[in-house]
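Before any comments, here is the structure.
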Amino acid sequence: MIQSDKGADPPDKKDMKLSTATNPQNGLSQILRLVLQELSLFYSRDVNGVCLLYDLLHSPWLRALLKIYDCLQEFKEKKLVPATPHAQVLSCEALLSAHDTIAQKDFEPLLPPLPDNIPESEEAMRIVCLVKNQQPLGATIKRHEMTGDILVARVIHGGLAERSGLLYAGDKLVEVNGVSVEGLDPEQVIHILGMSRGTIMFKVVPVSDPPVNSQKMVYVRAMTEYWPQEDPDIPCMDAGLPFQKGDILQIVDQNDALWWQARKISDPATCAGLVPSNHLLKRKQREFWWSQPYQPHTCLKSTLSISMEEEDDMKIDEKCVEAEELSEDKEEFVGYGQKFFIAGFRRSMRLCRRKSHLSPLHASVCCTGGCYSAVGAPYEEVVRYQRRPSDKYRLIVLMGPSGVGVNELRRQLIEFNPSHFQSAVPHTTRTKKSYEMNGREYHYVSKETFESLIYSHRMLEYGEYKGHLYGTSVDAVQTVLVEGKICVMDLEPQDIQVVRTHELKPYVIFIKPSNMRCMKQSRKNAKIITDYYVDMKFKDEDLQEMENLAQRMETQFGQFFDHVIVNDSLHDACAQLLSAIQKAQEEPQWVPATWISSDTET
Ligand SMILES: Nc1ncnc2c1ncn2[C@@H]1O[C@H](COP(=O)(O)OP(=O)(O)OP(=O)(O)O)[C@@H](O)[C@H]1O
């Protein structure tokens with residue numbers, strides 16, 4: 001006993017103090033402390049059995065248990081606060097009762113029990129149970145050419161199979177819902193799957209090396225459209241992803257050289273779909289192009305032949321020179337009733353622009369958009385670009401069918417804030433008039449100088465009108481941007497490729513007419529600019545032509561449009577234009593990846 005007495009530690013006063021100080025309210029801990037104090041008196045007197053009781057009560061586990069009890073008591077008195085505001089109304093009891101109800105419930109559908117007659121030799125098999133709901137399973141199958149085995153050809157990203165993490169491309173299907181697939185065609189397997197409801201059980205031999213998708217995520221802009229339903233080559237039509245020109249696609253899998261998996265960023269929640277790879281789509285485009293009846297290239301058309309209509313135009317042009325020049329002068333002097341001069345709105349400049357793509361000079365120097373869409377890259381890699389405040393502003397390009405209001409909107413924008421928005425001063429080879437100033441209305445240059453600017457690719461757009469050349473140079477645009485202003489220019493769509501450089505980072509806004517009924521109403525007092533007439537009113541044919549041209553432009557060049565504005569009410573269109581320009585300059589936008597890599601190189 002003495003030994004045990006010696007052996008027993010005296011009550012730890014320090015420890016007890018600590019527990020009293022930290023928790024004076026503790027009921028059981030406190031009682032235990034007092035009992036131990038009492039016992040320590042008998043302990044020294046060696047009363048029979050006291051040592052045993054003392055050791056028991058002094059044991060760490062009992063003390064820990066009592067501490068936990070005390071803590072729980074303390075929390076019981078505290079008010080529990082739910083983590084989310086809408087859970088305020090829930091009481092603790094309600095939550096526990098909900099939990100118990102759910103825990104006791106058997107949810108549908110019940111998975112079938114695993115077959116118990118799996119032979120030893122089938123160790124390498126995997127049983128996969130997927131619950132089919134409204135969604136497709138998200139996997140495609142194929143037959144191995146040599147062995148005839150039915151294999152999982154690909155697992156679609158974001159689909160049911162991929163989310164289960166149980167099926168991989170290359171897995172061999174052995175059974176579907178207990179039916180052996182040996183000797184079956186993929187179509188027959190699909191039929192079995194189609195007939196199945198609820199749970200589908202696959203027996204598979206797992207691929208030895210499940211593919212790992214380590215490629216980085218790539219985003220592309222579709223430069224062409226694709227309709228899987230019209231493509232007989234697609235391995236699985238239902239898994240195809242249709243897209244239109246200009247759609248931004250996230251390429252999530254490029255493991256297959258021919259068929260990539262992609263999803264539209266406008267629809268990120270859906271599972272991916274199959275799209276032709278860059279290489280395959282290019283091949284398809286080329287095949288399609290060659291299969292079309294021969295059409296002389298639009299570039300060549302104008303150099304080779306001048307149609308009767310154009311010859312007529314030329315005759316009429318001659319007759320109208322006087323009226324034209326007069327009206328130009330009037331335009332200059334009146335200056336649109338402005339308090340300040342805005343360059344680039346001259347009638348001659350606007351008319352030459354319209355004819356620019358017909359010009360032989362133009363044709364010999366650059367290839368137009370028609371060419372581009374036939375043989376150009378079907379996907380353009382894009383990245384998110386956010387202009388930094390120290391960067392120059394992005395060039396704003398407006399385009400639309402003649403008469404839609406491109407110049408009206410551009411003019412209103414500049415008038416609204418001339419210290420922020422500006423046009424570039426164009427170049428011309430015509431002689432300066434007495435009231436004009438070099439560098440204000442135009443930069444007046446010789447024909448040789450103008451042509452050298454064209455051949456050195458310093459002209460963004462140019463054309464010939466009444467024997468004179470007119471155009472806008474890169475430097476003229478840069479002059480505006482360097483001044484810290486936003487340069488707004490209008491452009492014919494066939495010139496779009498020339499401005500798409502990392503230097504200018506253009507943001508292209510397409511101005512579109514509204515429907516005929518609205519246009520008839522809104523354009524009652526509008527004036528059209530033509531080669532022959534000054535201030536002519538819009539006729540129904542003009543509005544119809546505008547609508548047709550707008551459709552053609554969208555079909556052919558829609559992939560380049562960053563934003564589309566329907567110019568119905570001028571007031572609304574101006575407000576939309578302002579807001580679009582602000583977003584272009586201040587919010588992240590998709591731009592060609594080459595613009596950004598060029599930035600880092602320089
Ligand atoms: N939303 C609108 N509502 C009413 N009139 C409009 C509207 N937009 C433009 N207009 C008028 O339509 C006429 C043609 O517009 P504008 O000259 O800007 O056309 P455009 O697209 O620049 O084509 P072009 O280069 O052939 O002149 C002008 O009289 C203009 O004031």
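Nothing in this text is a laboratory measurement; each read-out follows from the coordinates by a stated rule. Just so we're clear, the structure is a prediction, and the values are computed from it rather than from any experiment. Ideal geometry is used to build each Cβ from the backbone, glycine not excepted, and the neighbour counts take in all protein chains shown.
Tabulated data
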| quantity | calculated |
| --- | --- |
| Shape category assigned to the range 471-545 from the gyration tensor of Cα positions, a/c cut at 1.5 | prolate |
| Additional length obtainable on full extension of the chain from Ala269 to Leu41, 0.36 nm per residue less Cα span | 74.7 nm |
| Where a label projected 7 Å from the Cα of Gln254 along Cα→Cβ would reach, residues of the range 272-291 with amide N under 17 Å | 273-283 |
| Cα-Cα over 21 Å, subset of Lys132/Lys264; Lys142/Lys203; Lys132/Lys203; Lys282/Lys512; Lys216/Lys284 | Lys132/Lys264; Lys282/Lys512; Lys216/Lys284 |
| The range 126-205, relative contact order in percent, only Cα pairs under 8 angstrom and at least six apart counted | 37 percent |
| Relative contact order of the range 406-482, defined on C-alpha pairs under 8 angstrom at six or more residues apart (%) | 32 percent |
| Estimated FRET transfer efficiency (Arg440, His420; beta-carbon r; R0 30 Å; 0.05) | 0.95 |
| Cα-based equivalent ellipsoid of the range 389-487: semi-axis lengths in Å, sorted from largest, via gyration tensor | 23, 17, 14 |
| By average C-beta atoms within 10 angstrom, highest first, the peptides 495-508, 397-410, 446-459 | 397-410, 495-508, 446-459 |
| Karplus (6.51, -1.76, 1.60) ³J(HN,Hα), θ = phi - 60°, over the range 161-169, in Hz, Gly and Pro reported as x | 4, 5, 5, 6, x, 10, 10, 10, 4 |
| Zone residues, the range 243-259, relative to His279, backbone N less than 14 Å from point 7 Å out along Cα-to-Cβ | 254-259 |
| Environment charge of Asp540, counting only residues whose C-beta is closer than 13 Å and scoring Lys/Arg +1, Asp/Glu -1 | +2 |
| Computed log₁₀ I(q)/I(0) - Debye formula, equal Cα scatterers, no solvent, the range 218-289, q 0.12, 0.18, 0.28 Å⁻¹ | -0.27, -0.63, -1.60 |
| The range 218-289, relative contact order in percent, only Cα pairs under 8 angstrom and at least six apart counted | 26 percent |
| Cut-off under 5 Å, modelled amide H: who pairs with Ala139 long-range | Ile156 |
| In sequence order, calculated HN-Hα J values of the range 188-204 (Karplus, 6.51, -1.76, 1.60; Hz; x Gly/Pro) | 5, 5, 4, 4, 4, 5, x, 7, 7, 10, x, 8, 10, 10, 9, 10, 10 |
| Karplus (6.51, -1.76, 1.60) ³J(HN,Hα), θ = phi - 60°, over the range 558-575, in Hz, Gly and Pro reported as x | x, 5, 8, 7, 7, 7, 10, 10, 8, 8, 9, 7, 4, 4, 5, 5, 5, 4 |
| Gain upon complete extension [Thr479, Glu93; 0.36 nm per residue less C-alpha separation] | 131.7 nm |
| Hydrodynamic radius of the range 126-205 per Kirkwood, over alpha carbon pairs, in Å | 12.4 Å |
| Prolate/oblate/rounded call for the range 442-492, Cα gyration tensor, a/c under 1.5 rounded | prolate |
| Theoretical FRET efficiency, 1/(1+(r/R0)^6), r = Cβ-Cβ of Arg430 and Asp238, R0 60 Å, to 0.05 | 0.45 |
